[in-house]
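Student: Below are the structure tokens for one structure; questions will follow.
Each value in this text was obtained by applying a stated rule to the coordinates, not by laboratory testing. Since the model is a prediction, treat every value here as computed from it, not as a measurement. Every residue, glycine as well, gets a Cβ built from its backbone with ideal geometry; the counts of neighbours run over all protein chains shown.
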Amino acid sequence: MSVAASSPVRLGAVSVASAVGFLLLLEIVARFHLMPATLLPAPSSVALAFESEFQSGRWLANVLASLSHYAVGVAIGTLLGIGFGLATAQWPLFNALTEGIARLLRPISPIAWLPFAIIWFGIGEAAAAFIIATGVFWLNYIATQSAARAVDTDKIELAHAFGQGAFFTRIRKIVLPGAAPGILSGVRAGVSMGWIAVLAAEMLGVAGVGQRLLEASGVLATDLVVLYMATIAALYCVTDTALEWLTRRLLPWTH
Amino acid sequence: MDALVSRADVERPDVLVRISDVALSAPGQVDRPILENVSLDIRTGEFLAIVGPSGIGKSTLLRAISGLVAPSRGTISAVGRPRASGKFAALVFQDARLLPWRRVRGNVEFGLEGIVPSRSVRRDRARNALRLVGLEALENRWPHQLSGGQQQRVSIARALALEPELLLMDEPFSALDIATRRTLQDEISGIWRTAGATVVLVTHDLDEAIHLADRVVVLGGSPATIKDIVEVPIARPRSRPKPVASEPYAALKGRLAQHFNSAAPSGAPQGTDNEPAPIGN
Ligand SMILES: Nc1ncnc2c1ncn2[C@@H]1O[C@H](COP(=O)(O)OP(=O)(O)OP(=O)(O)O)[C@@H](O)[C@H]1O
Ligand SMILES: [Mg+2]
């Protein structure tokens with residue numbers, strides 16, 4: 001591919017054009033009844049659904065409800081994941097103590113925790129935040145652990161040679177900045193995992209975009225389903241872009 | 001360095017560091033030492049060069065002197081004490097080893113953070129050190145925006161900023177072009193003379209060793225030990241490149257080079273300035 005053809009502006013234009021083309025195609029399929037509307041709603045009917053949901057105030061209420069447990073769950077999962085990841089990378093004994101347990105728990109989907117979430121926290125915001133945090137935790141744990149382990153031992157030696165070798169000084173001045181790119185890519189993966197887990201969390205019956213989506217899919221209201229799918233996609237886009245911006249601010253030396 | 005106390009100010013012992021009967025091995029390989037039977041007094045205020053073939057253990061010895069690794073046998077004891085304003089020993093690693101997440105000045109301030117509480121004092125000392133290596137204009141760059149030689153100079157500045165009693169340098173000039181290398185050699189020589197620091201310089205360049213040092217320690221053998229300690233009686237300030245022709249210089253270089261001819265396990269040393277080295281002549 002030539003340099004000009006792969007310039008960011010051109011590539012951006014291509015991806016916008018393909019998205020618009022895709023929507024147009026869907027609209028044509030629906031307008032000309034090439035497929036029943038319940039199978040694939042027309043983009044225009046999704047727009048109408050948005051108008052009515054928005055005017056009834058439901059859309060915003062659902063978005064805000066989801067955001068509240070999303071934010072709490074992602075924050076807790078991220079902080080604990082980074083903390084445990086760092087601790088296992090730094091203390092071999094702590095790693096030995098937790099490694100077996102981590103291997104058992106890691107592959108379990110957030111959905112599997114639903115009954116425990118209800119038993120432990122009752123049906124509510126706390127249970128939803130817990131489900132989201134379990135999904136987010138593991139991504140941060142793994143990313144932080146491997147990034148912290150990969151920090152150059154030469155740099156640790158440098159810290160010792162220059163009187164900065166004390167445990168917490170070393171963590172703060174060498175390990176954290178050295179592992180920061182890896183940690184932040186874990187955070188970013190967690191932020192998108194959080195939106196996937198929102199749907200699982202709201203299976204509890206906690207209000208939010210996921211619950212509304214599940215409700216709509218129960219009655220095959222595909223226009224509403226697509227509307228809330230698009231809503232989650234848009235929210236993901238916003239959080240992911242914010243994190244990309246933050247990463248750039250936090251890691252100015254990487255570009 | 002102007003900020004340093006002059007050598008007359010402080011009562012100092014004749015011997016700064018005493019290395020007695022030291023053996024050094026790589027981690028976990030105590031039975032197969034890299035260096036053995038190394039005894040050496042580093043005299044206060046001297047400029048000591050350590051030469052020897054690649055892989056012989058020069059960096060290992062320097063690490064041990066700086067206290068980063070403990071000898072598997074024998075002792076290395078600092079007889080001298082740190083200056084009030086600085087650290088006892090500062091090390092210039094063989095690789096520049098800058099922290100990529102700190103700008104140039106932040107890297108130079110790194111070692112000061114433990115000993116100088118005032119941010120502005122740290123900044124001034126870092127700037128002074130950067131000025132000495134000719135990089136004050138680049139203080140806000142990231143390390144990846146520097147050439148290899150510039151990075152190495154930042155690493156020298158990082159050590160100088162500590163105003164150490166003992167400056168340990170591991171082949172600090174090997175990545176530099178001739179002109180910069182000479183400038184920095186003169187700079188280090190000047191700092192050593194005016195500040196009265198003690199310098200231990202590891203080099204594979206015999207001309208550099210003779211030009212700069214009071215004494216040259218030759219490492220050789222396997223496990224390595226001190227093969228020879230050569231005093232360099234050439235008066236200072238030493239000129240260059242004239243001394244190449246001079247009688248004492250040629251004799252010294254011949255004596256040093258013979259150790260490389262007999263042992264030479266992994267490549268003979270290079271002459272200065274990338275000429276084919278006339279070793280043994
Ligand atoms: N961490 C280590 N584990 C095992 N062996 C090591 C380790 N570090 C160094 N060595 C070995 O110790 C020996 C001495 O290494 P050192 O780096 O001190 O050599 P050097 O004289 O500085 O060489 P050069 O001139 O190439 O820098 C080498 O043979 C090397 O292979
Ligand atoms: Mg070396």
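Student: Placing +1 on the Cβ of each Lys and Arg and -1 on the Cβ of each Asp and Glu in chain A, which of A:Ile111, A:His69, A:His255 has its Cα farthest towards the positive end of the resulting dipole?
Tutor: Farthest along the dipole direction, towards plus: A:His255.
Student: Tell me the volume per residue, in Å³, of the convex hull enclosing the alpha carbons of the protein assembly as shown.
Tutor: For the protein assembly as shown, the hull spanned by Cα atoms encloses 216 Å³ per residue.
Student: Still on this model: The stretch B:129-228: percent of C-alpha pairs farther apart than 21 Å?
Tutor: So the portion of pairs separated by more than 21 Å is 36 percent.
Student: Which value in deg cm²/dmol, rounded to the nearest 500, describes the helix-derived mean residue ellipticity at 222 nm for the protein assembly as shown, given -39,500 (n - 2.57) per DSSP H run of n ≥ 4 and division by the residue count?
Tutor: After summing the helix terms and dividing by residue count, I get -17000 deg cm²/dmol.
Student: Let me ask something else about it. Taking the Cα centroid of the stretch A:39-59 and of the stretch B:93-133, what is the distance between the two, rounded to the nearest whole Å?
Tutor: 59
Student: Using R₀ = 30 Å, calculate the FRET efficiency as 1/(1 + (r/R₀)^6) where r is the Cβ-Cβ separation of B:Ala70 and B:Arg255; round to 0.05.
Tutor: Using R0 = 30 Å, I get an efficiency of 0.35.
Student: The stretch A:169-255: Rg/Rh from Cα coordinates, Kirkwood Rh?
Tutor: Computed over Cα atoms, the ratio is 1.18.
Student: May I ask for the angle, rounded to the nearest 10°, between helix A:209-218 and the longest principal axis of chain A, with both axes built from Cα atoms and the value confined to 0 to 90°?
Tutor: Between helix and principal axis, roughly 40 degrees.
Student: Can you work out D for the stretch B:20-64 in µm² s⁻¹ from Stokes-Einstein, where Rh is the Kirkwood radius over C-alpha pairs, the temperature is 37 °C and the viscosity is 0.692 mPa s?
Tutor: 281
Student: Next up: What residues have an amide H closer than 5 Å to that of B:Lys227, excluding those fewer than 5 places away on the same chain, when H is modeled at 1.01 Å from N in the peptide plane?
Tutor: Close amide H contacts, sequence-distant or interchain: B:Val218, B:Leu219, B:Gly220.
Student: For chain A, what is the relative contact order in percent, using Cα pairs closer than 8 Å and at least 6 residues apart in sequence?
Tutor: After rounding, I find 24 percent.
Student: Determine the equivalent ellipsoid of chain A by diagonalising the alpha-carbon gyration tensor, then write out the semi-axes as square roots of 5 times the eigenvalues, largest first, rounded to whole Å.
Tutor: They are 41, 26, 14 Å, listed from largest to smallest.
Student: What is the Rg over Rh value, at two decimals, for the stretch B:43-197, using alpha-carbon atoms and the Kirkwood definition of Rh?
Tutor: 0.95
Student: For a quick protection proxy, order the peptides B:122-132, B:156-166 by their average other-Cβ count within 10 Å, most packed first.
Tutor: The densest-packed peptide leads the list: B:156-166, B:122-132.
Student: From the mean inverse distance of alpha carbon pairs (Kirkwood) and the Cα radius of gyration, derive Rg over Rh for the stretch A:95-141.
Tutor: That ratio equals 1.03.
Student: Still on this model: What's the center-to-center distance, using Cα atoms, between the stretch B:155-207 and the stretch A:142-203 in Å?
Tutor: That distance is 36 Å.
Student: Hey, another quick one. Output the Cα-based Rg and Dmax of the stretch B:43-119 in Å, rounding Rg to one decimal and Dmax to a whole number.
Tutor: 15.2, 43
Student: Place the peptides A:40-46, B:87-93 in order of packing, highest mean first, counting for every residue the other Cβ atoms within 10 Å and averaging per peptide.
Tutor: B:87-93, A:40-46
Student: For the stretch A:118-230, take the convex hull of the Cα atoms, compute a quarter of its surface area, and give me that in nm², please.
Tutor: Projected over every direction and averaged, the Cα hull of the stretch A:118-230 covers 9.0 nm².
Student: Could you tell me the extents of the stretch A:20-93's C-alpha atoms along the three principal axes, largest first, rounded to whole Å?
Tutor: 66, 28, 21
Student: While we're on this one: Using only Cα atoms, figure out Rg for the stretch A:23-145 and give it as a multiple of 2.2 N^0.38 Å.
Tutor: 1.54
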